[in-house]
1. Restricting to segment 100-136, what's the tally of residues that are of a type outside the set (Gly, Ala, Ser) and in contact with a strand residue (DSSP E or B) (Cβ under 6 Å, 6 or more places away or on another chain)?
2. Which of the residues belonging to segment 147-164 are crowded, with 20+ Cβ neighbours inside 10 Å and either modelled with pLDDT under 95 or among the charged types (D, E, K, R) (or both)?
3. Can you pull out every residue in segment 375-395 that is hydroxyl-bearing (Ser, Thr, Tyr), closer than 15 Å to residue 339 by Cβ and open to solvent by 20 Å² or more (accessible area, probe 1.4 Å)?
4. As an exercise: evaluate residue 174 against (1) in contact with a strand residue (DSSP E or B) (Cβ under 8 Å, 6 or more places away or on another chain); (2) part of a loop (DSSP other than H, G, I, E, B) and give the number of the one condition it does not meet.
5. Step by step: first the residues of segment 89-146, then only those that are surrounded by fewer than 16 Cβ atoms within 10 Å (Cβ to Cβ) and of a type in the set (Gly, Ala, Ser), then the one that is nearest to residue 262 (Cα to Cα). Which residue is that?
6. When you check residue 163 against the structure, is it in a strand (DSSP E or B), more than 28 Å from residue 277 (Cβ to Cβ), of a type in the set (Ser, Thr, Tyr) and out of contact with any Pro (no Cβ under 8 Å at 6 or more places or on another chain), yes or no?
7. Going by what's in this entry, would residue 343 be described as open to solvent by less than 10 Å² (accessible area, probe 1.4 Å), within 24 Å of residue 487 (Cβ to Cβ), at pLDDT 90 or above and not in a loop (DSSP other than H, G, I, E, B)?
Amino acid sequence: MGAGKRRRVILASTAVGAALVAGTSIGLAGSATAAGATKAKAATGKAKPIYGGTIKYAEGPGTPANYIFPETSTANQSLYNNSQFINLMYQELYQPSPTQPTLDYNHSMAYQPVWSSNDTVATVKLKNAKWSDGVPVTARDLTFYINLAKAMGTTWGNYSGPTQFPYNLKSVQIVNPKTIRFTLKSPMNPTYYDDNGIGYITPLPQQAWDKTSPNGKVGNYDQTPAGAKAVLAFLQKQAANTSTYASNPLWKVVDGAWTLQSFGGASSPDVFVPNKHYWGPKPYAAKFEEIPFTSDTAEFTSLKAGTSTIDYGYVPTQDIPAIPSVKAEGYNITKVPTWGFDYIIPNTKNPQVGPILSQTYMRQVLARLTDQTTMIAHFMSGYGIPTYGATPVYPKGNPFVSPQLSHNPYPYSVSAAEKLLKAHGWKIHAGGVDVCVRGGAAGCGAGVAKGQTLSLNLLYSSGNQILQEDTDLFQSDARQAGVQINPRTANFNTVISQVQQCVLPKDKNAPTCQWQLGEYGGISESTFPGGFGLLNTGGAFNAGGYSNALLDKYIAQSTTASSLAPYMAYENLTITQEPWIWQPVPDNIFATAKNFTGYGDVSEFDGAFGYIEPQYWYFTK
């Protein structure tokens, strides 16, 4: 939270640029316009593109890419790795549409899957894509990816459980070099599986990577479990060395529109140049630079310097009043909602407070102490979107939104929080720390001992002012009910590496078990925002270890049903059970140079802080 075919990925707080303060103009030529059109500027389609130039793109605060191997794990599968770095070099099988939560088959390297045999067989035909070494992309490159994904097991970033891709495949047949057939063990909903199954695949260059050492011979090692693990270990070791990203021959074999010229990480720009052998439309720009920033304040300082420093940036919420001066520097301003949601994760497996956070009433207490209304009104200038469940609510009218999602089942109320705590055996010490006076299942909950205090540590991502303000308010409001919140910050990459599933007793003293509440930001959703991998038992993004048998049932049914009824049941149960502590989602505000445009440049589902495709972006005359 990636995150579909923006693959589901983790993202830092979406509060990079909320919508505007009252009276501030934010659209094309001063009119109020939200993103969503395939062309963001009124002149798009009329202005002639310029070939050449360098596009300077501002990365999110504190979110530099740090992993290049497309077979990502939950610890490094983030929006900033998968959707804004790796994908420039290694194109996913299917691209997202810029305008709606669907797949964009016209711009993808494979045609739409053809389903047959009662939705148990999907046949995929590849287009004429090639690797930069001249070798065609073939069906074998897809099976290579699948075999390595299986070798990763539950650490694979898209792992959704033993009944989901790739474990629900009965067989995978290479019909010919350009055609692959997937036969499933049981029927699946094609719309769901095209995205959250087949769509997970990023073809990998089997002819160059299927080896176990730098100078080793390329073979078919991945076709045995042991061989696949050996290949995986080799490639992961190579990917751990960020200093060789621009020089390692492995990463020179690409099928995407770009190749990496230099890697700067957190200290300097990542510089991409066009892949001369790219099989699709050649990029307009001569270079694409991703510029890192430690904070949104640093980014805005650079933005105010004008288009000589940034062509594509963002306006932090606290700087919205300065939008007129940003426009004066030569920028267009576009408001972009997020296809995703923000949340705080309770670690139900933490050795100290896991039993407390496992109690449904306690998560409801924390929801009662989350003042989303004030966060939106004061920190997001009134334009944030409250969140009550694991489904994006925008764009309005999207078919996945249940009516219950528009109502907060646990509105902010300190008195209601105190009432819940008292009813479950806690003695309230307003302004201090509550104490459990009735331990066990009949009181505070199974595993919660008499005398235990209600003190919770919160680890969250640094560099974002809204997230800081939200946390300060949450801490202050919780204190009124005697719930002590102890915040600690770390950079985004550190947070996502630690806010992972705790495996007891093996990892009892590891960072993955020591965190109690974790907030890296949120999830950028897939085009079918199902619960598999998210809140099902053992799902890859279920970092807090939440488990509910009825929810698992609804999630499983939603992947096979012909209607959205099971999905709605999953969504509604999620709203009432409060597995995570939902946070409001602000809009983002993006600033793009007035002579800059292109397909999907500032769209909700593709571009902005989503799955970027800068090969379609260009400067105009």
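The values are calculated or read from the model by the stated rules, or taken from the named source; none is laboratory data. Computed from a prediction, not measured in an experiment: that's the story for all the values here. Backbone-built Cβ (ideal geometry, glycine too); neighbour counts: all protein chains shown. The area values use the complete protein model at the heavy-atom level, side chains included, leaving out ligands, DNA and RNA. Shrake-Rupley method; radii C 1.70, N 1.55, O 1.52, S 1.80 Å.
1. 14
2. Listed by number, the residues that qualify are 156, 157, 158, 159, 160, 161, 164.
3. Matches in segment 375-395: 394 only.
4. Here residue 174 meets the rest and fails (2).
5. In this case the residue turns out to be 134.
6. no
7. Numbers: open to solvent by less than 10 Å² (accessible area, probe 1.4 Å): yes; within 24 Å of residue 487 (Cβ to Cβ): yes; at pLDDT 90 or above: yes; not in a loop (DSSP other than H, G, I, E, B): yes.
Judged against the criteria, residue 343 is a match.
Conditions tested, residue by residue: (1) at negative phi; (2) in a loop (DSSP other than H, G, I, E, B); (3) over 21 Å from the mean Cα position of the chain (by Cα).
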site: 59; (1), (2), (3): yes, no, no
site: 119; (1), (2), (3): no, yes, yes
site: 123; (1), (2), (3): yes, no, yes
site: 132; (1), (2), (3): yes, yes, yes
site: 143; (1), (2), (3): yes, no, yes
site: 148; (1), (2), (3): yes, no, yes
